[in-house]
Amino acid sequence: MSKQAQIVAQSTQYLTPSYPRLPLAMERGAGARIWDADGKEYIDFFAGFGGAGIAGHAHPKIAKALCDQAGKLTAHGNLFTNAPQVELARRITQRGFGGKVFFCHSGAEANEAAIKLVRLAAGRGRYKIVSFDNCFHGRTMGALSLTPAKFHKGFEPMLEGNIALPWGDLDLLERSIDERTAGVFIEPIQSEGGVHIPSRQFMQGLRRLCDQHQLLLVCDEVWTAPARTGRWFAYQHFDITPDVMTLAKALGGGAPLGAMVAGPKWQDILQPGMHGCTMGGNPLCAAAGVATMKLIEEQDLVTRAAAKGQWVIDTIRSAKLPCVREVRGAGFLVGLELDQPGMPVLKSCLEKGLLINCVQERILRLAPPLIIEDALLAKGLDILLGAIKAL
Ligand code: PLP
């Protein structure tokens, strides 16, 4: 039995079967390349569901930041603060809309913090939150209650009062708001839902409605930021400012790091003792976050994501593949909607040494690390187009 087959076999013995896994065990990576435990190399257009989305794997600057910090101090508890978390919060708020930051480890936790903040800020017994069809906000009970009903099965009851509405219908949204509504959660670009970009008109109308009804607008940027869509944060495509923003995945450069950013009006709502996270903002993960933010600036990865992402979209479109219904995306978050299930393409890419992802059954999602070299990007795209042609 190969080393990989052994690990996979043991995984079924010791790990809960909660993930629909492929029979692969990953062992090491370098930039946008990753190797499995049997030594097979893959070009990585998947980037760990975006978790390795900026610097890819084992980036020397992120590795150095982690090693240096690991040799100094890794956990001290939030009775104290530390320089890396302050530095990271400064960088996030300066690139975004000011405010203050609460750190945690994951997207779901960041959204939990935002749900609490929304309830607290809305006051007057308001607790209902609106989200949108096809959204994804995480698996913890609060975040799950904002995520479509197909994920609720067996875990009900959800948080009371939350509703999901069709994407893009402002009239319906206005009719659905009542005296108990506290806020709206939206991914400025839906990722798990199939890479959908809302119209500018919808996003601006949403901002207006939130202002009119004193609702907090929360942008879930867990997939879309920092830098992935060709802006620091995806809300910036629409010339709106959210009240709250949540971040995770790529923020930690591969280390577990999440953040909730409360805008200036709401930045002091969570008073001491109201919320917490033992390891949130620990200096180890915060140092990796700072190194990631620096890398984005040093290599101008915002511009690179915008330019190269457009090149990817143009290249796929110009191939004029009959089974590709639509190619859409922003920056390095690209979706190819097929007229048939995407799994055969994913499997064929896997055989040929390319990792991609398939969401909503027929949508292939491409999300390479932003540092990917041009030649590797082109090679990966060749493999993908070849696999689609062979359908
Ligand atoms: N929000 C969005 C937009 C996501 O796509 C995800 C996960 O894919 C989450 C939240 C949950 O993040 P995590 O898995 O880090 O809890």
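The values are calculated or read from the model by the stated rules, or taken from the named source; none is laboratory data. Note that the structure is a prediction, hence the values are computed from the model and not measured. When we count neighbours, we look across all protein chains shown, and the Cβ atoms used for this are built from the backbone with ideal geometry, even at glycine. Surface areas here come from the heavy atoms of the whole protein model, side chains and all, with no ligands, DNA or RNA. Shrake-Rupley method; radii C 1.70, N 1.55, O 1.52, S 1.80 Å.
Taking a straight line from the alpha carbon of LYS150, these lysines sit under 29 Å away, with near neighbours fewer than eight places off in the same chain left out: LYS116, LYS128, LYS249, LYS347. Multiplying the residue separation of GLN201 and LEU385 by 0.36 nm and removing their Cα-Cα distance gives an extension gain of 62.9 nm. Using the Cβ-Cβ distance between TRP35 and LEU120 with R0 = 45 Å, the FRET efficiency computed as 1/(1 + (r/R0)^6) comes to roughly 0.45.
Looking at region 120-166, which trypsin sites (Lys or Arg not before Pro) are DSSP coil and have at most 10 other C-beta atoms within 10 Å of their C-beta? Don't skip to the end; give the middle numbers.
Working: sites: ARG124, ARG126, LYS128, ARG139, LYS150, LYS153; in loops: ARG124, ARG126, ARG139, LYS153.
Of the trypsin sites (Lys or Arg not before Pro), the ones in loops of region 120-166 whose Cβ has at most 10 other Cβ atoms within 10 Å are ARG124, LYS153.
Considering only ALA330, ALA234, ALA122, the mean-square fluctuation computed in a Gaussian network model of the chain, springs between alpha carbons under 10 angstrom, is largest for ALA122. Taking amide H as placed 1.01 Å from N in the peptide plane, ALA52 has no amide H partner under 5 Å among residues 5 or more places away or on another chain.
Looking at the calculated P(r) for region 229-291, what percent of the C-alpha pair distances fall above 18 Å? Don't skip to the end; give the middle numbers.
Values: 945 of 1953 pairs.
The answer is 48 percent, as a whole percent.
For region 62-298, what does the relative contact order come out to in percent, with C-alpha contacts under 8 Å and a separation of six or more? If you can, show how the numbers build up before the last one.
Working: 451 pairs, mean separation 74.3, N = 237.
Reported relative contact order: 31 percent.
Estimated from helical segments only, the mean residue ellipticity of the chain at 222 nm is -11000 deg cm²/dmol, where each DSSP H run of four or more residues counts as -39500 (n - 2.57).
Between the amide H of ASN162 and those of ILE129, distances stay under 5 Å, these residues lying 5 or more places away or on another chain, with hydrogens modeled in the peptide plane. The accessible surface of the chain, taken with every protein chain in place and a 1.4 Å probe, is 54 percent carbon and sulfur.
With θ taken as phi - 60° and the Karplus curve 6.51 cos²θ - 1.76 cosθ + 1.60 applied, the whole-hertz 3J(HN,Hα) list for region 68-76 is 4, 5, 4, x, 10, 6, 10, 8, 9 Hz, x standing for glycine and proline. Computed on the chain, the Cα convex hull volume stands at 147 Å³ per residue.
When only DSSP loop residues count, what GluC sites (Glu not before Pro) in region 259-365 have their Cβ near at most 12 other Cβ atoms within 10 Å? All intermediate terms of the calculation are to be shown ahead of the outcome.
Details: sites: GLU297, GLU298, GLU326, GLU337, GLU351, GLU361; in loops: GLU361.
Hits after loop and neighbour filter: GLU361.
The 3J(HN,Hα) values that the Karplus relation (6.51, -1.76, 1.60; θ = phi - 60°) gives for region 85-98 are, in residue order, 6, 5, 4, 5, 4, 4, 5, 5, 5, 5, 7, x, 10, x Hz. Gly and Pro appear as x. Surface exposure of the chain, expressed per residue as accessible area with a 1.4 Å probe, stands at 44 Å². Note on LYS294 and MET158: the model spin-label points, each 7 Å out from Cα along the C-beta direction, lie 4.2 nm apart.
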